[in-house]
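So the structure is just underneath, and the comments pick up after that.
Quick note: the coordinates plus some simple rules give every number you see, no bench work behind them. Quick caveat: nothing in here was measured; it's all calculated off a predicted structure. Note: ideal-geometry Cβ built from the backbone for every residue, glycine included; neighbour counts use all protein chains shown.
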Amino acid sequence: MAGNSETDPTPAGRSALRVTGLSWAGATTAALEQVSFDVAAGEVITLVAPDRSAVAALLHLLSGIAVPGTGTIELDGVDVTAEPAYRRARRGLARGYPVRPLWADMTAEEQVRLAVQVAQETAWSPWRREPGHEAAVERLLDRAGLTDQAGAPSSLLSPGETRRLELAMLLADDPKIALLGEPLEGVPEAEAAEVTALIRALSDEDGRTVLMTAPPDSAGPLEALSDRVIVLPRQAAGCGARAGEGVATPASGPSPSARGLGN
């Protein structure tokens, strides 16, 4: 990463996501203490937490699965700290989830169709085709580069194809802000470029805000993809004596356009 800064240098413009003084003590995951950071609209950010339990806790808090003990979470300037996950989703926040093992026999097309039905708040049936939905299903599969794999059971997809399927399902919600937990975990280097290109395009082509989380041992490839990297010190995850604010650094390497991502 590039040189450290003692502040969180959010670029000029409105904040899509603002976290202030967030604290939480979970029963089975690491506590978070006084976590603060700011993400501008359209940024691609990697937030590096000390370990995977802190990553999970942050995702739960940001998406509304868990409620913080103290602090606030704002989306587009609106305090959503007390709002449940479905209310935040309606405001444009979407969290990516792994493809469920229970649905492993469903095809990629069926998985995306189900995501579209959920987003449209209609009856769920991955086998029911409706003209208004099928155009969206085809568009999302094409966006993820999975048109040729549409009829394949998701259990037969490669790790990179599975990640792209998860992103296609997330895009069914047409989110303003996408939360992605370790999006390159388990993806071999030979497939990583297709996944990172799709993630980068969420900002470069769509104008979406992307927040990715990762522990230090898997953050490297995401840093090269990001506009900025925010590193939570160990004390902010309840691992030290003094709570602190995340230290933000510009991402190292050439600019996204120079890397050819998202084209």
Using 1/(1 + (r/R0)^6) with R0 = 30 angstrom and r between the beta carbons of VAL118 and ASP51, what's the FRET efficiency to the nearest 0.05? 0.45
Ordering 191-200, 81-90, 41-50 by per-residue average of other C-beta atoms within 10 angstrom, highest first, gives 41-50, 191-200, 81-90
